[in-house]
1. Could you tell me whether any residue of the stretch 86-93 is in contact (Cβ under 8 Å) with a residue 24 or more places away in the chain and open to solvent by 50 Å² or more (accessible area, probe 1.4 Å)?
2. Test Leu121 against the criterion of being on the phi < 0 side of the Ramachandran plot, open to solvent by 60 Å² or more (accessible area, probe 1.4 Å) and part of a helix (DSSP H, G or I), and give yes or no.
3. Out of Phe74, Phe108, Phe100, which single residue is free of Cβ contacts under 8 Å to residues at least 40 places away in the same chain, part of a helix (DSSP H, G or I) and in contact with a Leu (Cβ under 8 Å, 6 or more places away or on another chain)?
4. Test of understanding: among Leu55, Leu66, Leu47, which residue is under 14 Å from the mean Cα position of the chain (by Cα) and hydrophobic (A, V, I, L, M, F, W, C)?
5. Looking at the stretch 35-55, can you tell me whether even one residue there is open to solvent by less than 40 Å² (accessible area, probe 1.4 Å), outside any helix (DSSP H, G or I) and under 19 Å from Gly11 (Cα atoms)?
Amino acid sequence: MNRNIILVAIGSMLGGVARYLAAFFITKNITSAFPYGTFAVNVVGCLAIGGIYGLSERYGWFSADLRLFLATGFCGGFTTFSSFAYENIQLLQDKDYLTFGTYSGLSFAFGLFAAFIGLSLTKV
């Protein structure tokens with residue numbers, strides 16, 4: 001099997017478990033209608049992926065394998081929102097404002113619409 005797929009798979013598994021545990025702990029300790037668990041996981045995931053790419057680009061601390069394991073695997077399993085945020089930061093840094101606005105707006109709108117359709121289809 002491809003080494004990259006194994007790195008991403010293991011990282012995703014660990015990130016998914018970390019997401020479940022973090023969201024569970026937060027939700028258990030903070031009772032509210034606001035989804036603090038998911039919110040916290042998304043923010044921490046964004047911080048983590050920014051730090052991973054930043055350290056990797058600035059100092060070269062991470063090999064390509066480790067970056068793939070941590071950013072794509074772990075952060076991707078922890079929250080796909082982190083990848084979305086990083087891609088948008090890249091678009092802003094490249095001053096590609098049209099693509100940034102289109103990508104952000106369409107991702108939000110189509111994501112909500114797709115979730116609504118998925119839920120609606122299961123209630124027939």
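The values are calculated or read from the model by the stated rules, or taken from the named source; none is laboratory data. Model, not experiment: these values are computed from the prediction. Cβ coordinates were reconstructed from backbone atoms using ideal geometry, including for glycine residues, and neighbour counts include every protein chain displayed. Heavy atoms of the whole protein, side chains included, go into the accessibility calculation; ligands, DNA and RNA do not. Shrake-Rupley method; radii C 1.70, N 1.55, O 1.52, S 1.80 Å.
1. So far as the stretch 86-93 goes, yes, one or more of its residues are in contact (Cβ under 8 Å) with a residue 24 or more places away in the chain and open to solvent by 50 Å² or more (accessible area, probe 1.4 Å).
2. So Leu121 fits the description; yes.
3. Of the residues listed, the single one that is free of Cβ contacts under 8 Å to residues at least 40 places away in the same chain, part of a helix (DSSP H, G or I) and in contact with a Leu (Cβ under 8 Å, 6 or more places away or on another chain) is Phe100.
4. That would be Leu47, the only listed residue that is under 14 Å from the mean Cα position of the chain (by Cα) and hydrophobic (A, V, I, L, M, F, W, C).
5. Looking through the stretch 35-55, none of the residues is open to solvent by less than 40 Å² (accessible area, probe 1.4 Å), outside any helix (DSSP H, G or I) and under 19 Å from Gly11 (Cα atoms).
Condition check ((1) among the aromatic types (Phe, Trp, Tyr); (2) loosely packed, with under 11 Cβ neighbours inside 10 Å; (3) modelled with pLDDT of 90 or more) across all residues:
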site	(1), (2), (3)
Ala9	no, no, yes
Phe24	yes, no, yes
Ser32	no, yes, no
Trp61	yes, no, no
Phe69	yes, no, yes
Thr72	no, no, yes
Gly101	no, no, yes
